[in-house]
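Before any comments, here is the structure.
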Amino acid sequence: MEVQFTPDVQAKLDKLAIDTGRAPGELVEDAIAGYFDELAQTRQTLDSHYDDLKSGRVKPIGGDEMKARLHARSAARQAQRQ
């Protein structure tokens, strides 16, 4: 497989290869492998949260309620610091 990069991305890749002494292809392979690992972990987390919602183990809350909860927590932390 061949991948084409914009000149800017290619320049960054070339500089990193020089700076690290690693081959550009090795850097790209590591980056893609890390991306797929992170993507799989994110998907697993989202699937788990979805399963929790679907089973009723957790209840969804609206955006306004969540915002109010965050503001209350923030206010409580500020009060503790004073």
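The values are calculated or read from the model by the stated rules, or taken from the named source; none is laboratory data. Worth saying up front: this structure is predicted, and the values here are computed from it rather than measured. Neighbour counts are summed over all protein chains in view; Cβ atoms, including those assigned to glycine, are modelled from backbone coordinates with ideal geometry. Ligands, DNA and RNA are excluded from the accessible area calculation, which covers all protein heavy atoms including side chains. Shrake-Rupley method; radii C 1.70, N 1.55, O 1.52, S 1.80 Å.
Once you have the Cα-Cα distance between Glu2 and Leu70, take 0.36 nm times their residue separation minus that, and quote the gain in nm to one decimal. Could you put the intermediate results ahead of the total?
Values: separation 68, 0.36 × 68 = 24.48 nm, distance 4.68 nm.
Stretched out fully, the Glu2 to Leu70 stretch lengthens by 19.8 nm.
Asp19 exposes around 100 Å² of accessible area when a 1.4 Å probe is run over every protein chain in place. Rounded to the nearest 10 square angstrom, Arg22 shows an accessible area of 80 square angstrom against a 1.4 Å probe. Magnitude of the charge dipole for the chain, about its Cα centre and with charges confined to Cβ atoms of Lys, Arg (+1) and Asp, Glu (-1), is about 900 debye. Taken per residue, the accessible surface of the chain reaches 91 Å², heavy atoms only and a 1.4 Å probe. Please work out the C-alpha center-to-center distance from segment 1-16 to segment 25-46 and express it in whole Å. What the calculation gives is 18 Å, centre to centre. In the set (1) 17.5; (2) 16.5; (3) 12.7, the label that goes with Kirkwood radius over Cα pairs in Å computed for this structure is (1).
Farthest towards the positive end of the charge dipole of the chain, among the residues Gly62, Leu16, Ala72, is the Cα of Ala72, using unit charges on the Cβ of Lys, Arg, Asp and Glu.
Here is how the number arises for the chain: DSSP H runs of 4 or more residues each give -39500 (n - 2.57), the sum is divided by the residue count, and the result at 222 nm is -27500 deg cm²/dmol.
At 0.36 nm per residue, and after removing the present C-alpha to C-alpha distance, how many nm does the segment from Lys59 to Asp14 gain when stretched out fully?
Working: separation 45, 0.36 × 45 = 16.20 nm, distance 4.92 nm.
The span from Lys59 to Asp14 would gain 11.3 nm if fully extended.
For the chain, with all protein chains in place and a probe radius of 1.4 Å, 56% of the accessible heavy-atom surface sits on carbon or sulfur.
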